[in-house]
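Every read-out reported here was derived from the displayed coordinates using simple, explicitly stated rules and does not represent laboratory data. Bear in mind that the values here come from a model prediction, so they are computed numbers and not experimental data. Here the Cβ is made from the backbone with ideal geometry for all residues, glycine too, and neighbour counts use every protein chain on show.
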Amino acid sequence: MKLEWSRPRKVLLGVLLLASTPAAADGPAREYVVKAAFLYNFTQFVTWPNNTYSSADAPFVVAVLGDDPFDGALEEAMQGKTAEDRPIVVKHFASTDEMGPCQVLFVPQSQDSELPALFGKLGTIPVLTVGESEQFLPAGGGIRFLLEDNRIRFEISPAATDAARLKVSAKLMKLARIYQR
């Protein structure tokens, strides 16, 4: 009997494998390769509202705020991929003032001082915010990466994703630690 795997199951398997991969195997570069892969997988398990895009041919934008810790790993992870049947484009915003439309926004720990301005600006705009500091979820972030037993894990704030009008799949929620304010 041949085992058939659907695309969502393959992606979910990839998330599970990444969750069990040591994060610090090769230092910080490896950590951000893993985080970039997680970011792509998040795009496959979250649904954005129909009115999210400015036009029918607008790309799906994954962005980084401030300094880019990925060193090209994010572009590599997203190259040739799609989300919501749209090509994924990676953008970099130097500050919240320069921020443009995006569907996923990664906020490195170095941007913690920008969190109040960021979440004040976003309001209920449907953006999946992903960060890595302990202050991120209490400030209003959607998903936070954390290091646990030398592995990258993540926690989700349902209140924040609901406020952004995002639907997170039950499969992704099962893999996450749930953050409650």
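For segment 31-71, a residue qualifies if it is under 20 Å from Ala163 (Cα atoms), in a loop (DSSP other than H, G, I, E, B) and among the aromatic types (Phe, Trp, Tyr), and the qualifying residues are Phe45, Trp48, Tyr53. Scanning segment 127-165 for residues that are within 15 Å of Pro69 (Cβ to Cβ) and of a type in the set (S, T, N, Q) yields a total of 1.
Looking across segment 144-164 at every residue that is of a type in the set (Asp, Glu) and not in a strand (DSSP E or B), the one that is farthest from Gln109 (Cα to Cα) is identified as Asp162.
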